[in-house]
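Working notes, beginning with the structure itself.
The values are calculated or read from the model by the stated rules, or taken from the named source; none is laboratory data. Please read all numbers here as calculations on a predicted model, not as lab measurements. For neighbour counting, all protein chains shown are included, and Cβ atoms are generated from backbone atoms with ideal geometry for every residue, glycine included. These accessible areas exclude ligands, DNA and RNA; they are computed on the full protein's heavy atoms, side chains included. Shrake-Rupley method; radii C 1.70, N 1.55, O 1.52, S 1.80 Å.
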Amino acid sequence: MSVEIIKGGSRRLRGEVTPPGDKSISHRSIILSSLALGKSRVSGFLNSDDATSTANAMRALGIRVETKGGGEIQIEGKGLYGLRASKGVIDAGNSGTTARLLIGLLSAQPFDSRITGDKYLRARPMRRVVNPLRLMGARIDGVEDGGRLPLAIRGSRLTGISYQSPVASAQVKSGLLLAGLYADGRTEVIEPNPTRDHTERMLSYFGVKLVVNDNVIAIEKPDEFMGTNISVPGDISSAAFFIVAALINPNSEILIKNVGINPLRTGVLEILTKMGGNIEILDKREVSGEPVADVLVRSSDLRSTEIGGDLIPKAIDELPVISVAACFAEGRTIIKDAGELRVKETDRIRAMTSELNKLGAHVEELKDGMSIEGNESLRGARCSSWGDHRIAMAIAVAGTRARGETEIENAVAVAISYPGFFATLSGLSA
Ligand code: S3P
């Protein structure tokens, strides 16, 4: 088992970080480029296990995806109707995005498919996307009546529906929009709270028409669209670990370059700023239809806050590291309405509560969130990643400010979204 050791004791963290490519956008760049006609070049692509799962899935469906090095890939799209049946079972690995987006896409193909994932992904709910797809005419079979992977998908002719989603999930929305590229009539998704709109932005970037009205997103079967060049911004979810690391460690200052600041992803900035974090957004620009900036973060005295409602989907992947920031904030921080955290790569409410408490924090598990008593002085301990990349990185950040050393078991999990994380973290110590 891989164990990573984090030296603690209030580190002075200074320097520049360029986070790896955005995971959500990287997945979509391969899928949509595969459905375009002709070549697309993607730069800034995330070179990690999750993004590789999507690349391999599209290769299995007959698409040439070439890795050029330095975060460049080239995809030879075959148009909307150019995919062919995979010879084997498609393996989404650990990636919920790969699985849920592809279940939508594969449901509408003129061939049958099978899809599975690793033991973590096989435990995660798929009914949220399978049910609405069935309403569109999809034929999907699997364990627990299609509630979990592995699934067998019989390609079908689909009909658009108007679907009020009970969960705020960009993966569900995106799976349905991909199915909607093939369905007769109009496919409409109504979200309970707005979620990341990378699929909508990238479809528009490729020239596909969508109608978006607040929480309602609608698409109709488009004409073929052409390949293009896409530049993927750095992942704010990866940047978040360094934002919190700079805030909680005295005399720290980190400039994080080329970060995607899509307003449906910046809940972490809103929350940490409200907690008193000194965070400056510099040089705002737009790249391939997504807003991008540099983010300058300095050590700050933090105060507690309440986090819930619409903010949750905008910060869902950052809540583990926000809970670390809360350990060093004055007062009690409450995270609520975040039950979705229980069905991520692992149950992140249980995992963060357990691991932070091993470090001496006072964290209580709530049904749909956490209660965190701040201003703790943490002490190093042996912790586990629970096999989850974001738990590994959140605990590493806590470890920088704990007394002594923190050991993280199964730290290789970071390869899912940020293979170079530990090297970058150790390079920041002044
Ligand atoms: C993602 C959507 C979110 C997020 C995940 C990536 C996406 O999941 O947590 O890391 O790329 O669409 P849900 O759709 O389950 O909320």
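Reported value for the stretch 386-430: 66 Å³ per residue, from the convex hull of its C-alpha atoms. Of the listed residues H198, H362, the order by accessible area with a 1.4 Å probe, largest first, is H362, H198.
Taken over the Cα atoms of the stretch 318-372, the convex hull encloses 66 Å³ per residue. Legend: P(r) of the stretch 17-145 from all alpha carbon pair distances, 5 Å bins from 0, whole percents, reading 2, 11, 21, 23, 20, 13, 7, 3, 1, 0. For the stretch 338-430, the spread of Cα positions along the three principal axes, ordered from largest to smallest, is 39, 30, 19 Å. Taking all protein chains into account, the per residue accessible area for the chain stands at 36 Å² (1.4 Å probe). In plain terms, the C-alpha convex hull of the stretch 74-160 casts an average shadow of 5.8 nm² when viewed from every direction.
What ranking of V208, V143 comes out by heavy-atom accessible area, probe 1.4 Å, highest first?
Largest accessible area first, the list is V143, V208.
May I have the convex hull volume per residue, in Å³, for the Cα set of the stretch 122-267?
Normalising the Cα hull of the stretch 122-267 by residue number yields 141 Å³.
Entry note: the chain has Rg to Rh equal to 0.97, where both radii use alpha-carbon atoms and Rh is the Kirkwood radius. Backbone amide hydrogens, once placed in the peptide plane, bring G79 within less than 5 Å of A36, L37, G38, excluding anything fewer than 5 places away on its chain. Using a probe of 1.4 Å, the accessible surface attributed to S204 totals some 70 Å² when neighbouring protein chains are kept in position. Overall, the ratio between the Cα radius of gyration of the stretch 275-430 and 2.2 N^0.38 Å, rounded to two decimals, is 1.04. Over the C-alpha trace of the stretch 53-117, radius of gyration and Dmax come out as 11.8, 36 angstrom. The longest part of the chain holding none of the exposed loop trypsin sites (Lys or Arg not before Pro), meaning those outside H, G, I, E and B in DSSP with at most 16 other Cβ atoms within 10 Å, is 210-335. Both radii are taken from the alpha-carbon atoms of the stretch 12-69; with Rh as the Kirkwood radius, Rg/Rh is 1.08. Pop out the carbon and sulfur fraction of the accessible area of the chain as a percent, whole number, probe 1.4 Å. Solvent-exposed carbon and sulfur of the chain make up 47 percent of the total. Applied to the stretch 258-263, the Karplus parametrisation 6.51 cos²θ - 1.76 cosθ + 1.60 on θ = phi - 60° returns per-residue 3J(HN,Hα) values of 6, 9, x, 10, 3, x Hz, with x for Gly and Pro.
When the surface is traced with a 1.4 Å probe over the full set of protein chains, E188 keeps roughly 40 Å² accessible.
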